[in-house]
Amino acid sequence: MTNDSWSPNSFVIQFSAMRPERRIRLTFVSTGESVVAEMLDEEAPNICGHVWDLLPLEQAMTHGQYSGAEILGLIEKASPPAAENLVQIPLPGEICYFYEPGRSTAGRSAPVSEICIVYGRGVILRGHEGVPAHASLFARIPGDWKYDWVDFAKACRRVRWEGPQILRIERITNVE
């Protein structure tokens, strides 16, 4: 293929290489701890697009009951985007989208969607009675939770001891 020739495939490759990285900011409203996360558009394009379209969100975050060091916020209008980039053992700093159609063993009959933020080690996604669960990994907070975003991790941990906290999740539209 010469430089003069063109094909739809070469355009797509060139265009995708030029696509800007999308990022989101997560901020605890009452106390101000904040981090920036990178959307994983290459690994989960549909989920990233779905979440991007939901933003901005202000959610009461609760602490996970079954999985470990995670906080989660329920999405008001549960919707089932195609599952992609599924994980069961997310790492600290990973942000996932979970959807359950309402057929759980816990007896919930309505669909539920949630955004889950993992802030520490040892998380294994589980549902009621230890049933394995999977969620779509769509964003990641760069750096190490023990050194780079310590205050945000501590704020997540506070949700366990002090109860629900409001978290704002918003698009970053300018380069910082």
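Taken together, the values in this text are just the output of simple stated rules run on the coordinates, not laboratory data. Bear in mind the structure is a predicted one, so any value in this text is a computation, not a measurement. Ideal geometry is used to build each Cβ from the backbone, glycine not excepted, and the neighbour counts take in all protein chains shown.
Answer rounded, prolate or oblate for the range 8-172, using the Cα gyration tensor with square roots of eigenvalues a ≥ b ≥ c: rounded when a/c is under 1.5, else prolate when a/b is larger than b/c, else oblate.
Verdict is oblate for the range 8-172.
Given Cα pairs under 8 Å that are at least 6 residues apart, what percent is the relative contact order of the range 8-172?
Rounded, it is 33 percent for the range 8-172.
Taking K and R as +1 and D and E as -1, what net charge do the other residues with C-beta under 12 Å from the C-beta of ASN85 add up to?
Working: positive: ARG140; negative: ASP41, GLU42, GLU43, GLU84, GLU94.
So the environment of ASN85 carries a net charge of -4.
Only counting other Cβ atoms within 10 Å, I'd like TRP145, TRP161, TRP52 sorted with the fewest neighbours first.
Ordered by Cβ neighbours within 10 Å, fewest first: TRP161, TRP52, TRP145.
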